[in-house]
Structure formats: C-alpha cells, structure tokens
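Worksheet for the structure shown next.
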Amino acid sequence: MQETILVRYGEIFLKGRNKGYFESVLISNIKRALHGLRYTFVRTQNRYHIEDYDAFDRDEIVGRLQKVFGLHSLSVAAKVATDYDLLAQTVVERMPADAKTFRITVNRADKRLDKNSTQIAAMLGGKVLEAYPQLRVDLHRPQAEIMVDIRERGYSYVFCDKILCAQGMPVGTSGKGMLLLSGGFDSPVAGYRMARRGMSISAIHYHSYPHTSEQAKQKVVDLARTLTDYCGEITLYAIPFTQIQEAIHRYCRADFMITIMRRIMVEIAERVAKQHDCGALITGESLGQVASQTMQSITVTNQAVRDLPVFRPLIGMDKTEIMETAQQIGTYALSELPYQDCCTVFLPKNPVIKPSLETACKEQEKIEGLAEMIDAAIRDAEILTLRPRYAE
C-alpha cells in the first residue's frame, strides 16, 4: 500500500478546447506552491496525484494545495492494486475507531470488473461488519464514510475525507490587475477575490510619512505577503503621498478632500498599472459603507480613470461578510492593527456624501503643481517584490 494525495480540479472541467491551457497554468501553480518539497507529480484523467513525499511533509503539502486557486478538493488516500481482498483489508484498516455507523461509497471507473459499484460497496461493507460487528450501516447520515475510487490502470484509492480547496480559476488565466491596497479589511479581501477568478495581482499603496508611521507601511507589506500564499508573487508599489495630501488640505474644501484624494489615487494607480501591463484596477469599495463609497462618490472617482476598467468585487458585500473572509484568508489580525493609514489623515468631520462631478473637478483644479507632484510620486515609488514564505 502506498499513500498518495488525490487532487481534483474544479471549474476548468467545464472548459472546452481551451482546457489544456487552463490545466497547464494550474499544474504550474501547483508545482510553484510545492516549491522546496520532495514529491512526484502524476497526472491522470481529471485528477492529479502527489506521490513519493516524505510523511512529515504531508500536512504542509495539504495546507499549500488548499490555497491554490483552481483546485476543488483533495484527499489523502491509500493507493492499492485493484483486488477485492486488498480493498477489503484497506477499508477495514481505515475505519475510524470511534465510528458507530458507516457507509462505503464506490466509484468504479474500471468497467472491466465483474461487479458494479453497488455490489462492490455491499461486499466491502460486509467485510467491515465481519471485522466490527458492533457497527451498523447508515446510507444517509453515517458517522464515517469510506470512499473507494477504482481507476482504469489497475489501481484503486481508498480515503475518508474530501478536503475543500480554494476553488475558482488558476491565477494567471485572467490577466493582471492593480490592487489599491490599504491597511484595512476590505482591499486585501478584494485582491483575494479577484485572484480567485484567475487574475494575477500587483498592488499599489499610498503612504504619508511622517503623518503615517513606518509600521503602517509595514502592515501593508505584511498584508500583501499574506496574499502571496494564494496569488503567488506580488509586486507592491509604495507611493509617497505626503506632498499631494498636504496640497489637497491646503487648497480644497474640507468636505471634498476624501473625494479628491481618491480621484488622484486612481489616476496614479492607472498610470502605474499601464506602465506595468496591468489591464484593470481593483478596489475594496462596498456600496454605501462609507461616504466615499456612495453611488455618487464612486461615479466621481471613476471619472478620473481614463482607459482601464475598475473591478469592485466587494461592491455588494456587507462588512460582516468581508471580515469573515479576512479571517478565513489570514489578513484579519493584520488589518486590525491600529496603525493609521493615509486615508485617515486630515479626515474631515463631514465629508460630502453626494459630490457633484463639476464641483469635484473645480476643487481639484485649485491644486497648484498637481501634475508635477503626481509625476514625482510615481518616480519616487518604492518597488517591492513579495513572494510566498516557502519561495524565499
């Protein structure tokens, strides 16, 4: 008997003639995720197998594979020759000691056998009852379910659990986007959700030192690095925003400061995105969550983007849903750290909720030397390349 990890892909199963392309990207991402570990990768019809790994690496392999977008589920299985006696022995050995009810589920891909799936399941169930007469069969709500996958090449796989993976589409199959990454809860989740749809992620962050601290910038670096476990390598562009933010405070109406700041941020983000082959901007906006995320505010902000689409994957989510996802992906504790970012510097008491585009443009035009300040901010950007912890 050999232990193996069965890996099942999800949505790309539905792809037609392009399926080969999606599979090749997914396989590349799997191998990237398992960097530094010893294993053998085996590809069979509609499944992958991770074999010949060190037993003490099993949990690490499972944990990494769970974060690979495009994978649906995996199982740690016993691989045995397709022989009824061997299958029965393996099923009996795999029965959990504390179970009181059980079920055997058989998938028979090898049609050459003399029994069908139901007959094989009944035979194996009988062997279990011989070994454990205190058990009883429950086909509907069993405490333990043993699954037997009989494949065409003379091997079968016996396992107890299907461990869900990240699902979605393989990263790298849907272009590249530029994520406006703050230190809050929302934007990391937005990046995660777009990566789950196959998008490679770069990120841009605005810092206003000395009004914001080095810890605030480091928090964002740590958030981006956490996302790399799902997204792979992320390039982070840290934009010095102090001069621009002070100019907004000096020249513009207080209630329009947030609106104008966000317009300038997306303008800079679009320029940086186009310089580095990103085809879209990504924001963490959720409709109605704060003053800058009303329909009117979003419209005024959008007008500052000339060419690229702006994806807002959280637009219909509430804060509870967003924070639950942050907990799930490991960004919650970092986002909760109390380091002020540039969005909270010079925050007006009563920001405009329904800004007009005409007024916003007039206020922005008051800022002397804005074009030169934007050029300088982009020129002075700090560029960081962040990789998953196991790739460093």
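The values are calculated or read from the model by the stated rules, or taken from the named source; none is laboratory data. Everything numeric here is computed off the predicted structure, so don't read it as measured data. Cβ sites come from the backbone with ideal geometry, for glycine too, and all protein chains shown count toward neighbours. SASA here: full protein model, heavy atoms, side chains in, ligands and nucleic acids out. Shrake-Rupley method; radii C 1.70, N 1.55, O 1.52, S 1.80 Å.
The table below lists the values:
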{"read-out": "Residues (among the charged types (D, E, K, R) and modelled with pLDDT of 95 or more) located in segment 233-249", "value": "233"}
{"read-out": "Flag for residue 298 being out of contact with any strand residue (DSSP E or B) (no Cβ under 6 Å at 6 or more places or on another chain) and within 24 Å of residue 215 (Cα to Cα)", "value": "no"}
{"read-out": "Checking residue 73 against (1) of a type in the set (S, T, N, Q); (2) within 30 Å of residue 228 (Cα to Cα); (3) more than 32 Å from the chain's Cα centre (by Cα), the condition it does not meet", "value": "(3)"}
{"read-out": "Restricting segment 1-44 to residues that are in contact with a helix residue (DSSP H, G or I) (Cβ under 8 Å, 6 or more places away or on another chain), touching a residue at least 60 places away in the same chain (Cβ under 8 Å) and part of a helix (DSSP H, G or I), the residue that is surrounded by the most Cβ atoms within 10 Å (Cβ to Cβ)", "value": "26"}
{"read-out": "Subset of segment 246-258 (residues that are open to solvent by 10 Å² or more (accessible area, probe 1.4 Å) and either of a type outside the set (Asp, Glu) or within 15 Å of residue 378 (Cα to Cα) (or both))", "value": "249, 250, 251, 252, 253, 254, 257, 258"}
{"read-out": "Residue count for segment 355-392, restricted to those that are open to solvent by 30 Å² or more (accessible area, probe 1.4 Å), at pLDDT 95 or above and over 21 Å from residue 181 (Cα atoms)", "value": "12"}
{"read-out": "Considering residues of segment 52-81 that are closer than 17 Å to residue 9 by Cα and assigned to a strand (DSSP E or B) only, the residue most open to solvent (accessible area, probe 1.4 Å)", "value": "72"}
{"read-out": "Filter result for the condition that a residue is within 30 Å of residue 205 (Cβ to Cβ) and in contact (Cβ under 8 Å) with a residue 24 or more places away in the chain, over 158, 137, 189", "value": "189"}
{"read-out": "Selection status of residue 237, among the hydroxyl-bearing types (Ser, Thr, Tyr), touching a residue at least 60 places away in the same chain (Cβ under 8 Å) and closer than 23 Å to residue 287 by Cβ", "value": "no"}
{"read-out": "Test: residue in segment 125-138 that is open to solvent by 20 Å² or more (accessible area, probe 1.4 Å) and either within 37 Å of the chain's Cα centre (by Cα) or closer than 30 Å to residue 323 by Cα (or both)", "value": "yes"}
{"read-out": "Matching residues in segment 167-190 - criterion: being open to solvent by less than 10 Å² (accessible area, probe 1.4 Å), under 14 Å from the mean Cα position of the chain (by Cα) and farther than 23 Å from residue 33 by Cβ", "value": "187"}
{"read-out": "In segment 1-35, residue nearest to the chain's Cα centre (by Cα) [restricted to those that are of a type in the set (Gly, Ala, Ser) and at pLDDT below 95]", "value": "10"}
{"read-out": "Lone unmet requirement of (1) open to solvent by 10 Å² or more (accessible area, probe 1.4 Å); (2) without any contact (Cβ under 8 Å) to a residue 40 or more places away in the chain for residue 203", "value": "(1)"}
{"read-out": "Flag for residue 105 being under 41 Å from the mean Cα position of the chain (by Cα) and more than 11 Å from residue 150 (Cβ to Cβ)", "value": "yes"}
{"read-out": "The listed residue being in a loop (DSSP other than H, G, I, E, B) and either surrounded by fewer than 19 Cβ atoms within 10 Å (Cβ to Cβ) or of a type in the set (Asp, Glu) (or both), out of 316, 284", "value": "316"}
